[in-house]
Amino acid sequence: MRDQPSKTVVISGGTAGMGRAVALERLARGDHVTVIGSSEAKGRALLDHAADPNLQFLRADLSSITEVERVVTHVSERHQAIDALALFANRISPKRKETPDGLEFTFALYYLSRYLLSHRLRPLLDAAPNPVVVNVAGVGNTAGQIFWDDPQLTGRYRQVRAQLQAGRANDLLGVAYAGQAESNVRYVLYHPGFTRSGADAHPNPLVRNTIKVLARFFARPVADSVRPIIEWIDRPPADPLSATDRGKPVDLSLKTLDPGDAARLASYTEDLLRSRGH
């Protein structure tokens, strides 16, 4: 028997790995769960596995601004409040490619989709009694930076550089989001560390197999990595912003969590969206 009412949970990137594990655990607790993913096959497999009427799958390409807005509209039409938003969606791109909006793919999927979901669903989050956003990225890691002169990496793309930039952008997203007044949403930045999750998503078979071998010996089980997320959904932290790196709290004075940089990135992002009619 659960000791509290069921919750409404939205998960981006929830058809595999950690996102899938969170979805199944929350369903087991009686929650209403909406999972967003790009693969129809993985979504159908999750629906078949769960066999739970409280699970809904939305297929969407979250690297597309229009697709994210469609998801927001769909969720808003079906729910009056959201208790938890868990953000996992990410995919490695060895070569630079652009989305239909003319944006670098990693920036669009790993960072911008999370920005849009966090902000566009905020009215529904604020309508819940104790809401939380959990952004799963690489907080605590100080490698990488925002390339302010070329955030879309038009002239110097590398897949690791793109991933690190988007990770640092998510750090700053949390800082700016939590700094907005008159909201009871708690924002959690979470770095789970190396987890036995997501190896199948790498496009290079050699790299994919190497990750699988390393994961067998060194990675944390998925169940261990998602346990804090499950708890935060039930009991969000007291502070507007908190950050955890592999089980340890992150000092919010870390240089990668600079409020000035957070405001600068938020301004850049809003200008970017306006320039594309959003």
Practice problem: Among Trp232, Trp148, rank each residue by its count of other Cβ atoms within 10 Å, from fewest to most, as a rough exposure measure. | Solution: Trp148, Trp232
Quiz item: Pick from Tyr268, Tyr110, Tyr187: which residue has the top mean-square fluctuation in a GNM of the chain where Cα pairs under 10 Å get a spring?
Solution: Tyr268
Self-check item: Förster-model FRET efficiency, 22 Å R0, Ala238 and Ala81, C-beta, rounded to 0.05
Solution: 0.60
Quiz item: Between Arg246 and Val160, how many nm apart are label points set 7 Å from Cα along the C-beta direction?
Solution: 1.7 nm
Self-check item: Spatially proximal lysines relative to Lys42 (Cα-Cα < 22 Å; intrachain offsets below 8 disregarded)
Solution: Lys212
Quiz item: Relative contact order of segment 8-275: what whole-number percent is it, with Cα pairs under 8 angstrom and at least 6 residues apart?
Solution: 19 percent
Practice problem: Taking all pairs of distinct Cα atoms, average 1/r, flip it, and tell me the Kirkwood hydrodynamic radius of segment 1-80 in Å to one decimal place. | Solution: 12.8 Å
Quiz prompt | Fluctuation leader among Val175, Val160, Val22 - the chain, Gaussian network, Cα springs under 10 angstrom | solution = Val160
Quiz item: So what are the three principal axis dimensions of segment 8-275 from its Cα atoms, in whole Å, longest to shortest?
Solution: 48, 48, 38
Quiz item: Under a plain spin-label model, where a point goes 7 Å from the Cα along Cα-to-Cβ, how far apart in nm are Leu273 and Arg227?
Solution: 3.7 nm
Quiz item: If you stretched the chain out fully between Ala51 and Asp149, how much longer would it get, using 0.36 nm times the residue separation minus the C-alpha to C-alpha distance?
Solution: 30.4 nm
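No lab work stands behind these numbers, since they all come straight from the coordinates. All values derive from a computational prediction rather than experimental measurement. We place every Cβ from the backbone using ideal geometry, glycine too, and count neighbours over all the protein chains shown.
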